[in-house]
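Below is one structure, written out as structure tokens; the observations come after it.
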Amino acid sequence: MSSADRGSLLAQPLQRPSAGRITAYLGLFLLGAAVGASGALVQAGWFPGGLLLALAGAAGLFLGGARAAGSRGGAVAPAAGWVVAVVLLTASRPEGDFLFAAGGGSYLFLLGGMAVAVICATLGQGRQPGGGDVRLGK
């Protein structure tokens, strides 16, 4: 089957993910939530080193998830868990307790983490068409 017979990658029907892939994405989601919660504690405890450590940990998880899963979904799943955990931790409680202070470090952690998630999801490997490499003009 030539590449012209297969059609465009976008025109091909989507396949249902396997149970193993769904389990892996769920595990990455929970790992992202754990990294987000631990990063929220570390970033304020040891500024600016804690902030850099928290963002580096998040970037490592997002990019590692994308490489391990072989798709951008591997970066999106832990990023979604990270965002959910961080957003839930930013809400103040009725007792007046809160985890994030209204300082620059907290805002850098929130915005920097979201930027790192977008960058890693963009850099993650997308689906590649099968078959051998073909040079144009040959």
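Read-outs throughout are calculated quantities, based only on the coordinates presented, and are distinct from any laboratory measurement. Predicted model, so just to flag it, every value in this text is computed and none were measured. Glycine gets a Cβ as well: all are built from the backbone with ideal geometry, and neighbour counts include every protein chain shown.
When the chymotrypsin sites (Phe, Trp or Tyr not before Pro) in region 37-112 are filtered for DSSP coil states and for at most 14 other beta-carbon atoms within 10 Å of their beta-carbon, the remaining sites are TRP46, PHE98. Using the Cβ-Cβ distance between ALA80 and PHE47 with R0 = 30 Å, the FRET efficiency computed as 1/(1 + (r/R0)^6) comes to roughly 0.70.
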